[in-house]
Amino acid sequence: MARLLLNHLRWGPGTQFWCAGGCFLLLAVFHTWPLATGTVSPTHDDVWLNAWAVAWIAHQIPRNPLQLFDANMFFPHQGALVYTEPLIIPGLMAAPVLWLGGSPLLAHMVLVLLGYTLTALGMYVLVRKWTGDFRAGLLSGALFAFCTELLMRTAHVQALHIYWLPLAFLAFQRLMERRRPRDAAWLGLCVIGASLTSGYLVVFVCFALGAAALARVTAFREPGGARLLLQLGVAATGTAAILLAVLWPYVQAGHERPPVTEAADLAMALGSYLASGAVFHQGWSADYAQSSPRTLFPGVVMLVLATVAACQRRRVAPFGARRMLLATAALGLLLSLGSFTPVYTWAYELVPPLRGLRAVSRFGILPLFALATLAGIGLSGLRWPASPPRRSLVAIALLLLATGESFHGWGSDPWRDTAGRIHRFLATSSWPGAVLELPIYQRRFGFHRNARYLLASTAHWRPLVNGFGGYAPSDFDDNAHVASGFPSVLTVKWLQEIGVGYVLIDLDHYGNRMRRKLNELDKRRDLALEAVDGATRLYRVLPHTPRVIEALAPVPNLSQLRFAGGPAEGSMLRAAHGLRQAFGFQSPRRFIAYLESTRADAQLVLRFPAPMSGWFFDAATGEALQQVTVRASAATDPPASLYPPAGRADLLLDLRPQASEP
């Protein structure tokens, strides 16, 4: 590599570009080793989520691109892709790997290497165009793409594909200088590309461009400034129109979060800029890395050269470039501190997309981008009496020093495929319906564990009740609660109604009680054991109505009722004591609950707007056991208590307003 770099002065720009790309690919392989061997894969829930997302895009684009957002999770909801990052650009990049038979994890591995390489190339192009210096571009690309923040986020492939940021800066600078419609169009394309890659990234790009525009505000008062504003306005309008057309489902979803601060105090938030995951920094930075929300330490090489650039009088980059970069760094720093500064609070109120971000500390990537660019400018601006080969040797030494400083160590996680024989069987089965995988995890308890089910679903692509992402449907926890009641007759009735055809349960996550319950299913006609693979069982959901459900005349449509359980506002079932499990469904004129393993002290705490009456039924036989009446209780009254029959394995409670009792 050193010999090639020493000969760069004899190459044209195209050869230099490909040489830089080769160097960056080698650095990506080095920093992520042994990922490129295909024998390891990070066992991280976000890896499985993103591998599933890019596989879905590659699966759906050639089949039904108009239904791209109807991803196969969070069934029965449609448009489920809006609950995670779009990843459309990375998905298109990975599509050939998947179309040729590669696995989603292999596609993710390719995207990791491409992300680092292309991000470094984007920085190289920016600094090379600005300074005309191959060596400066090479160093800036390596400093930014392999900074500690990005090397710590290998699982988040969308965070690695950040090349749109330097390319947008290049297009903006050219527009400011040349004022050509072509440059405005390129700027719009960069923003569109960022939007189709990551929701975070497009916000970063837009804020960075806003800071750059403020730094160059005097340009709009110069002759031709009105034309420049018009070009920017046309580019912004066209970009917004295209994005609204393509990403309208995200706009409809309207994801919002309250203003957030990830650190306990301002000192901890600022500590992120001293936190590093690099081996070289562990001696002094480990405490910051453990207590801070992010690892944003730029590194000594980046800091020294960026300082040189800030202090240089000799102009190497285009006019205003340093001001734009310093403004971007300052804005990114302030926003990364969250609500500890008024800047974030003001921006939160004024810029709606900012309300959808969960981790505002990720704005720290903007100071790193600015410093890495300034470092290249600083290197290019250095002048000392030495021959070009010796200057190249210095650049190589700095590149090697930066590589050593940013080295994070090598992982060794074994390759893990979450799809088993049963998942592959589902791809060939003609029995229709969605799939429920158990255990299912609610947002409050291990939500991330649903990610392995998403990756496994790429073997069959059936709709999946499970799901995972930055957001979830508002009723997901309720659905997960009901699904966790499997194999109760009420749960199976609900599964039949929403269109679930198979239930796949991993008994390694359950105790002997669940095994005993499943072994007794031979008496049931609404479920059939389809396949067994070790501790995993596959049950087919059959269109049969158990006797106890028929006893609930008229038979309710559970999918049209609201979930009842726990202290949630409006729930008629406020609490349950002395039993293993209780959940139900409700409407103003119907309340149905499932109760499991009632003890002598079993008690239901209920709140009804009107008096209700009905029966307890044995869930296995349908036998009516006990007639009950429950008083009404207003919001200011204490709730009513109901005591179910003790010593029963499974009960159903069916209540209706007294006035409608036959």
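Residues to consider are G364, G433, G356; find the one that is crowded, with 17+ Cβ neighbours inside 10 Å, in contact with a Gly (Cβ under 8 Å, 6 or more places away or on another chain), on the phi < 0 side of the Ramachandran plot and modelled with pLDDT of 90 or more.
Numbers: G433 fails: on the phi < 0 side of the Ramachandran plot; G356 fails: modelled with pLDDT of 90 or more.
After ruling out the rest, the residue left standing is G364.
Please go through segment 459-475 and give me each residue that is closer than 27 Å to Q252 by Cα, modelled with pLDDT of 95 or more and crowded, with 19+ Cβ neighbours inside 10 Å, ordered by number. R462, P463, L464, V465, N466, G467, F468 - these are the residues of segment 459-475 that are closer than 27 Å to Q252 by Cα, modelled with pLDDT of 95 or more and crowded, with 19+ Cβ neighbours inside 10 Å.
Looking only at residues in segment 480-512 that are in contact (Cβ under 8 Å) with a residue 40 or more places away in the chain, in a loop (DSSP other than H, G, I, E, B) and of a type outside the set (S, T, Y), the one that is farthest from L651 (Cα to Cα) is G499.
R416 fulfils the conditions (1) among the basic types (K, R); (2) over 21 Å from A71 (Cα atoms); (3) at pLDDT 90 or above except for a single criterion, (3).
In segment 562-580, what count of residues is obtained for those that are modelled with pLDDT of 90 or more and not charged (D, E, K, R)?
First, pick out the residues of segment 562-580 that are modelled with pLDDT of 90 or more: 562-563, 571-580.
This time we only want the ones that are not charged (D, E, K, R), so: 563, 571-573, 575-579.
Matching residues across segment 562-580 total 9.
Check whether at least one residue in segment 251-273 is among the basic types (K, R) and over 23 Å from R153 (Cβ atoms), and report yes or no.
Residues of segment 251-273 that are among the basic types (K, R), as a first pass: 257.
Then drop every residue that is not over 23 Å from R153 (Cβ atoms), which leaves none.
No, the conditions are met nowhere in segment 251-273.
A quick yes/no check of all residues on (1) acidic (D, E); (2) free of Cβ contacts under 8 Å to residues at least 40 places away in the same chain; (3) over 30 Å from A610 (Cα atoms); (4) exposed (fewer than 14 other Cβ atoms within 10 Å of the Cβ):
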| site | (1), (2), (3), (4) |
| --- | --- |
| T536 | no, no, yes, no |
| R540 | no, no, yes, no |
| L561 | no, yes, no, no |
| E569 | yes, yes, no, yes |
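Take the residues in segment 266-276 that are under 11 Å from L337 (Cα atoms) and among the aliphatic types (A, V, I, L, M), then tell me which one is modelled with the highest pLDDT. So the residue we want is L270.
Name every residue in segment 291-307 that is of a type in the set (G, A, S) and either outside any helix (DSSP H, G or I) or over 22 Å from L400 (Cβ atoms) (or both), in order of residue number. Step through it out loud before you land on a result.
Within segment 291-307, the subset of a type in the set (G, A, S) is 291-292, 299, 306.
S291, S292, G299 - these are the residues of segment 291-307 that are of a type in the set (G, A, S) and either outside any helix (DSSP H, G or I) or over 22 Å from L400 (Cβ atoms) (or both).
Before we move on, is R452 surrounded by fewer than 17 Cβ atoms within 10 Å (Cβ to Cβ), under 23 Å from G511 (Cα atoms) and either touching a residue at least 12 places away in the same chain (Cβ under 8 Å) or in the same structural domain as Y250 (by TED's automatic domain parsing) (or both)? No, not satisfied.
Within segment 495-521, the set of residues being crowded, with 23+ Cβ neighbours inside 10 Å and within 19 Å of F583 (Cα to Cα) comprises just one member, L495. Scanning segment 577-595 for residues that are small (G, A, S) and more than 36 Å from the chain's Cα centre (by Cα) yields a single hit, G578. Scanning segment 150-172 for residues that are touching a Gly at 6+ places or on another chain (Cβ under 6 Å) and either outside any helix (DSSP H, G or I) or in the same structural domain as G470 (by TED's automatic domain parsing) (or both) returns M152, H161, Y163. Applying the set (1) in a helix (DSSP H, G or I); (2) in contact with a Pro (Cβ under 9 Å, 6 or more places away or on another chain); (3) at pLDDT below 95; (4) of a type outside the set (D, E) to A136 leaves exactly one unmet item: (2).
Comparison of R537, R599, R515 shows that the only residue that is charged (D, E, K, R), in a strand (DSSP E or B) and at pLDDT 90 or above is R537. For the condition more than 25 Å from P342 (Cβ to Cβ) and either surrounded by fewer than 16 Cβ atoms within 10 Å (Cβ to Cβ) or assigned by TED's automatic domain parsing to the domain that holds A330 (or both), V279 qualifies. Based on this model, can you work out whether T629 counts as of a type in the set (V, I, T) and either surrounded by fewer than 19 Cβ atoms within 10 Å (Cβ to Cβ) or touching a residue at least 60 places away in the same chain (Cβ under 8 Å) (or both)? Criteria met by T629.
Among the conditions (1) assigned to a helix (DSSP H, G or I); (2) aliphatic (A, V, I, L, M); (3) at pLDDT 95 or above, the only one that M176 does not satisfy is (3).
For residues in segment 602-611 being in a loop (DSSP other than H, G, I, E, B) and out of contact with any helix residue (DSSP H, G or I) (no Cβ under 9 Å at 6 or more places or on another chain), which is nearest to A576 (Cα to Cα)? Filtering segment 602-611 for residues that are in a loop (DSSP other than H, G, I, E, B) and out of contact with any helix residue (DSSP H, G or I) (no Cβ under 9 Å at 6 or more places or on another chain), the one nearest to A576 (Cα to Cα) comes out as A602. For segment 244-265, the count of residues that are at pLDDT 85 or above and over 25 Å from the mean Cα position of the chain (by Cα) is zero.
The values are calculated or read from the model by the stated rules, or taken from the named source; none is laboratory data. Everything numeric here is computed off the predicted structure, so don't read it as measured data. All Cβ positions, even for glycine, are placed from backbone atoms using ideal geometry, and neighbour counts span all protein chains on display.
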